[in-house]
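Encoded as C-alpha cells, the structure appears first; notes follow it.
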Amino acid sequence: MTIDLHESDSVRLLGNARRGFSGTVQALKGGNAESSLSAAELESRLIELGFVEGARVEVLHEGLIGRDPIAVRVENITVAVRRREAMAVVVI
Amino acid sequence: MEAALYNIVLVGTPNSGKTSLFNALTGSRQKVANYPGVTVERKQGFFVTPRGRQVSLIDLPGTYSLRGRSPDEEITRDVVLGRAKGETLPELVLCVADATNLRLAIRLVLEMKHTGRPMVLALNMFDIAKRRGVTVDVPALSAALGIPVVTSIAVRKGGTDELLQLTDTIAAEATQIARENDWRPHSVAELRATQREADRIIKETVSLPARPDTWTARVDSVVLHPVFGLIILAAILFVMFQAVFAWAQPVMELIAGGFELLGQWVQATLPAGLLQSFIQNGVISGVGSVIVFLPQIIIIFLFILLLEDFGYMARAAFLMDRIMGGAGLHGRAFIPLLSSFACAIPGIMATRVIDNRRDRLTTILIAPLMTCSARIPVYTLIISAFIPAKQVWGWINLQGLVMFGLYVVGITSAMAVSALIKFFMWRDDAPAPFMLELPDYKLPRLKSIAIGIYTRAMMFLQRAGTTIFAMMVLIWFLASFPQAPVGATDPGIDYSLAAIIGRFIEPVLAPLGFNWQIAVALIPGMAAREVAVAALGTVYSIEGGKEAAEQIGQVLATKWSLATALSLLAWYIFAPQCASTLAVIKRETGGWRWMWITFFYMLALAYAASLVTYNIARSFGAG
Ligand SMILES: Nc1nc2c(ncn2[C@@H]2O[C@H](COP(=O)(O)OP(=O)(O)OP(=O)(O)O)[C@@H](O)[C@H]2O)c(=O)[nH]1
Ligand SMILES: [Mg+2]
C-alpha cells in the first residue's frame, strides 16, 4: 500500500521533508521506499533506531548532493538516513 | 577450593561504553572511540571482585537487536545465545546503556530478557546524564524491568564501584536463576510492541531534561553544513597530511642525527670486520632508518585518535555518503577507509559493520590502497631526497604538498577501483541503506589519547625490533656473503648473494627504472613496506663502505635519477607489499580467492603506474 502524497497537506513522507521540518511519526510503510531491503526488514531497522509511531522527529541537516542523506533527530538521538529509506516513514 | 570462574558478557547498543567498562574493570587497553561500531571482535579479560571472586569478562560488538544483521552483530548474538564454538552460556549478561539515550537500550534489554540469562543493567555515562539534568528512578526502573540496575561512569575512577558490589552479590547469592531461552528474531509487530513498552517504562521512571545537548547542535550546524562541512573535512585531511610531513621533520632530523652519531661511534670503536659491519650496516642503517619515522606515525595517529574521540567520524561518514556512493561505496565504508590511513588491517576488520556482503567486499578490496602509515617511511625517504624543501604560495611546504598528492592519488585510485568493481560485478543492485547514529560530541580525554598513541608507538617499535630486524639480518647476510675474492677491484657487494638475486630480477623491473638494489629491497619488502627502506639502507650502506655513516637519503640522491625515484613512489602507491594485510583479507573473506585477487590487481596497477611514471618522467628529461 502506498500513501497518497496529496491526501492531506499535513501527511508527508520523511523522505520528502526539508531541513527544519519537525513532526511526529504516524506510520511506517516499508513498501513506500524503493530500498534494497524488504519492507519488513526496513521497518525493523527503522524501529530499532527509534522510529515508532508517535516519536517526535526533526530534520536537522541535509547532505550536499540531492540534499541527501538527512540527519534526523528522533526523540533524543540523531540518526543519519538516506531519503530513499526515509520514504518509509510517514510523518505529520 | 576456589570458586569457579564467573562468566560475564557485555551487551548493549553501539557506543554505550561497553569497551570503556571492559577496560576499567579488567585493566585492558582495547580500542575505545566515540562512534558506533568500534568493537568488531569478541575480547576476553579477567578481574577479581572486591570479595575475591574470579571473573571472566567478554566484550562484544554493540548491537541494536539480537537479529545479527552484520558480521559483527552475529558475533554478539552467537556468544549471548551460546552458539559460538567452544562458548559456554554466560552466567550473567551485563547490559550497558548510555544513560542519555535510553530508548533503544531499554528495548534491547526487553528483547534480551527472552534469552533467559540472568541480567544486570548498567546505566553508563551517568556523569553526562547528570550534567544534562536527566534523573532516573533507579529502583522503579529495576522493578519495571525485573532486573537489578546500577549507574556507572566507565571513564572515572571509582565509577564502577557500585557495579562491582552488585556483581559480588549476584555471584554469591545466585539471586537470579537462568530461565528457558525462548528468544527468536522479533517480528516487526513485536519490535514495535517492545519499543512501545520501553517508551512506557522510560516515561514512568526517567525524567528527561528540556535542554538537549546544545553544544553538539551548535557544532553540527557548522560541521554538517552541506558546503562548509565538506570544506572543513577537506581542510582537516589536508592539514593532517601536511602535518605528517612538516611537523615531524625537526624531531626526525634529531633522531636521524642520533643514529648517524651512533654509526660513526661504532665505526670508530669496533674493529673493522663482520661485527662492525653487522651493527653499523644491518642494525643502525637498517632498523634505524625505519625508527626515524616514529614521529610521523605518531602524528597521523594523533589526528585519527582525536577525530575518533571527538565524535567526528560518524559526521564524516554522513558528509561523504553520497560522494562515495558515486564510486559505488557505502557510507559506512568511510570509517574503515579513514582508519586505513593508519593501517589497513584494523580498517579491513572494521568493515564488519557493513551488513551488505558486496559493499563489505568492495571496501576490503580497496582498503589497502589507502596510504597506510607504513608507506610514510618510503614516501618520506624519497621525497626528502628528491623534492626540494621550498615553500609554495608562501606557506605550503612543497614536500608536504607532494606527500598530500600521493595520498590523493591513493584515494582517487581506490574510488576508481571501487567504481569499476561496482560497474562490472554488481551494477544492477540497488544501493544498500545507510543508517547511522550520530553520537553527541565528547571532548577527547587526554589519558585515552595518550594511551592510544603509546600503544601504537610501541607496536611500531616492536615491529622494528622483530619483523624488520629479522629481515635486516637476512639482507645484511645476503649483501655480505660471499665476500669479494682477494684482489677484487669492484665493491665487495657486487659478489654477494644479494647482487646475484637482484640482478636476476632486475630485467623484469628494469622497464620501471629500478636497479638491482631496489629489486633486492622489494623482496623482503613484501613482508612489510617499511622493510624496503631498511633494506635499501643496509644495501647502500654496505656498498658505500667508507661514507657508510651517511644518511640513506643523501646516498639515494646521488645514485638514482629523478625518474627512478618517482617511479618507485608510484610503485608504492599500489604495490601489495604487506603480508599481514593479505592474511587478514583471507581471514575476513573466508578464503584464498579474494586475497589473490587483491594481490594481483594491486601488483598489476603498481607495475602499470610505475611504467607510465618512469617513461613520462624520462620524456621530460628526468632520466
Ligand atoms: N563521559 C563519559 N564518557 C564515556 C563513558 N563511558 C564511555 N564513554 C565514552 O563513550 C564513547 C564510547 O565508548 P566505547 O567504550 O567505545 O563504547 P562501546 O559500547 O564499546 O562502543 P562499540 O564498540 O562501538 O559498540 C567513548 O568516547 C568513551 O570515551 C562514561 O561513563 N562517561
Ligand atoms: Mg566497544
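The values are calculated or read from the model by the stated rules, or taken from the named source; none is laboratory data. Here the structure is a predicted model, which is why all the values come from computation and not from measurement. Reconstructed Cβ throughout: ideal geometry from the backbone, glycine too, with neighbour counts over all protein chains shown. When the accessible area is computed, the model is the full protein with side chains, heavy atoms only, and any ligands, DNA or RNA have been set aside. Shrake-Rupley method; radii C 1.70, N 1.55, O 1.52, S 1.80 Å.
Is it the case that residue B:18 is within 9 Å of ligand 2 (Cβ to nearest atom), under 17 Å from residue B:119 (Cα atoms) and in contact with a Ser or Thr (Cβ under 8 Å, 6 or more places away or on another chain)? Yes; evaluated as a whole, the condition is true for this residue.
Does the range B:73-80 contain at least one residue that is over 20 Å from residue B:451 (Cβ atoms), open to solvent by 60 Å² or more (accessible area, probe 1.4 Å) and away from ligand 1 (no atom under 16 Å from the Cβ)? Scanning the range B:73-80 turns up no residue that is over 20 Å from residue B:451 (Cβ atoms), open to solvent by 60 Å² or more (accessible area, probe 1.4 Å) and away from ligand 1 (no atom under 16 Å from the Cβ).
Among the residues of the range B:60-69, just one is polar (S, T, N, Q) and away from ligand 2 (no atom under 15 Å from the Cβ), namely B:65. Screening B:415, B:349 for residues that are under 16 Å from the mean Cα position of the chain (by Cα), assigned by TED's automatic domain parsing to the domain that holds residue B:302 and closer than 25 Å to residue B:317 by Cβ leaves exactly one candidate, B:349. Restricting B:15, B:34, B:7, B:23 to residues that are in contact with a helix residue (DSSP H, G or I) (Cβ under 8 Å, 6 or more places away or on another chain) and not aromatic (Phe, Trp, Tyr) narrows the list to B:34. Taken over the range B:267-317, the criterion of being over 22 Å from residue B:376 (Cα atoms), crowded, with 20+ Cβ neighbours inside 10 Å and among the aliphatic types (A, V, I, L, M) is satisfied by B:313, B:314, B:316, B:317.
For the range B:394-439, taking the residues that are without any contact (Cβ under 8 Å) to a residue 24 or more places away in the chain and within 14 Å of chain A (Cβ to nearest Cβ), the one that is farthest from residue B:602 (Cα to Cα) is identified as B:435.
Can you name the residue in the range B:1-35 that is aliphatic (A, V, I, L, M) and open to solvent by less than 10 Å² (accessible area, probe 1.4 Å) and is also farthest from ligand 1 (Cβ to nearest atom) among such residues?
Start the filter on the range B:1-35 by keeping residues that are aliphatic (A, V, I, L, M), which leaves B:1, B:3-5, B:8-11, B:21, B:24-25, B:32-33.
With the extra rule that they be open to solvent by less than 10 Å² (accessible area, probe 1.4 Å), the set shrinks to B:8-11, B:21.
Details: B:8: 15, B:9: 13, B:10: 8, B:11: 10, B:21: 7 Å.
Per the criteria, the residue is B:8.
Mind checking whether some residue in the range B:166-173 is closer than 23 Å to residue B:67 by Cα, out of contact with any strand residue (DSSP E or B) (no Cβ under 6 Å at 6 or more places or on another chain) and either in the same structural domain as residue B:103 (by TED's automatic domain parsing) or at pLDDT 90 or above (or both)? Checked against the condition, which is being closer than 23 Å to residue B:67 by Cα, out of contact with any strand residue (DSSP E or B) (no Cβ under 6 Å at 6 or more places or on another chain) and either in the same structural domain as residue B:103 (by TED's automatic domain parsing) or at pLDDT 90 or above (or both), the range B:166-173 yields no hits at all. Residue B:344 meets each of the listed conditions (1) closer than 28 Å to residue B:592 by Cβ; (2) open to solvent by 10 Å² or more (accessible area, probe 1.4 Å) apart from (2).
So, in the range A:80-90, how many residues would count as being facing chain B (nearest Cβ under 9 Å) and buried (at least 22 other Cβ atoms within 10 Å of the Cβ)?
First pass over the range A:80-90, keeping only residues facing chain B (nearest Cβ under 9 Å): A:80-82, A:84-85.
Within this subset, residues satisfying the condition of being buried (at least 22 other Cβ atoms within 10 Å of the Cβ) are A:80-82, A:85.
Residues in the range A:80-90 being facing chain B (nearest Cβ under 9 Å) and buried (at least 22 other Cβ atoms within 10 Å of the Cβ): 4 in total.
Do we find that residue B:98 is at pLDDT 95 or above and either more than 19 Å from residue B:19 (Cα to Cα) or surrounded by fewer than 18 Cβ atoms within 10 Å (Cβ to Cβ) (or both) in this structure? No; evaluated as a whole, the condition is false for this residue.
Which helices (runs of 4 or more DSSP H) sit wholly inside the range B:206-322 and have at least 3 residues that are more than 14 Å from every other protein chain (Cβ to nearest Cβ) and modelled with pLDDT under 85?
Numbers: elements: B:214-223, B:228-246, B:249-269, B:274-277, B:288-291, B:294-310.
The qualifying helices (runs of 4 or more DSSP H) are B:228-246, B:249-269, B:274-277, B:288-291.
Sub-8 Å Cβ pairs linking a first residue in the range B:53-74 that is in contact (Cβ under 8 Å) with a residue 60 or more places away in the chain and more than 12 Å from every other protein chain (Cβ to nearest Cβ) to a second residue that is away from ligand 2 (no atom under 16 Å from the Cβ) and of a type in the set (Lys, Arg), at least 6 apart or interchain, are B:71/B:360, ordered by first then second residue. With respect to being touching a residue at least 12 places away in the same chain (Cβ under 8 Å), at the interface with chain A (Cβ under 9 Å from one of its Cβ atoms) and outside any helix (DSSP H, G or I), residue B:186 fits the description.
Can you work out which of the residues in the range A:41-76 that are β-branched (Val, Ile, Thr) and within 7 Å of chain B (Cβ to nearest Cβ) is nearest to residue B:228 (Cα to Cα)? Break it down stepwise before answering.
Filtering the range A:41-76 for residues β-branched (Val, Ile, Thr) gives A:47, A:52, A:57, A:59, A:65, A:70, A:72, A:74.
Then keep just the ones that are within 7 Å of chain B (Cβ to nearest Cβ); that gives A:47, A:52, A:65.
Details: A:47: 32, A:52: 33, A:65: 13 Å.
Across the range A:41-76, the extreme among qualifying residues is A:65.
Can you find a residue that is modelled with pLDDT of 95 or more, out of contact with any helix residue (DSSP H, G or I) (no Cβ under 7 Å at 6 or more places or on another chain), open to solvent by less than 10 Å² (accessible area, probe 1.4 Å) and within 16 Å of ligand 2 (Cβ to nearest atom) anywhere in the range B:105-124? Scanning the range B:105-124, I find at least one residue that is modelled with pLDDT of 95 or more, out of contact with any helix residue (DSSP H, G or I) (no Cβ under 7 Å at 6 or more places or on another chain), open to solvent by less than 10 Å² (accessible area, probe 1.4 Å) and within 16 Å of ligand 2 (Cβ to nearest atom), so the answer is yes.
Criterion applied to B:40, B:48 was being within 13 Å of ligand 1 (Cβ to nearest atom) and over 22 Å from residue B:151 (Cβ atoms), and the one residue passing it is B:40. Can you find even one residue in the range B:375-385 that is assigned to a helix (DSSP H, G or I), within 25 Å of residue A:45 (Cβ to Cβ) and either at pLDDT 90 or above or open to solvent by 10 Å² or more (accessible area, probe 1.4 Å) (or both)? There is no residue in the range B:375-385 that is assigned to a helix (DSSP H, G or I), within 25 Å of residue A:45 (Cβ to Cβ) and either at pLDDT 90 or above or open to solvent by 10 Å² or more (accessible area, probe 1.4 Å) (or both).
Can you give me the ranges of the helices (runs of 4 or more DSSP H) entirely in the range B:509-623 with at least 2 residues that are surrounded by fewer than 20 Cβ atoms within 10 Å (Cβ to Cβ) and aliphatic (A, V, I, L, M)? Walk me through how you get there before you give the answer.
On the way: elements: B:516-522, B:529-544, B:552-559, B:562-574, B:579-589, B:592-619.
The helices (runs of 4 or more DSSP H) meeting that bar are B:579-589, B:592-619.
Close Cβ contacts (under 6 Å, 6 or more residues apart or on different chains) running from residues in the range B:102-129 that are within 14 Å of chain A (Cβ to nearest Cβ) to residues that are part of a strand (DSSP E or B) and open to solvent by less than 10 Å² (accessible area, probe 1.4 Å) comprise B:105/B:97; B:109/B:95; B:109/B:121. Scanning the range B:22-59 for residues that are out of contact with any Pro (no Cβ under 6 Å at 6 or more places or on another chain) and within 9 Å of ligand 2 (Cβ to nearest atom) returns B:22, B:30, B:31, B:32, B:33, B:38, B:43, B:59.
For the range B:129-175, name all the residues that are open to solvent by 50 Å² or more (accessible area, probe 1.4 Å) and among the polar types (S, T, N, Q). Selection gives B:135, B:165, B:175.
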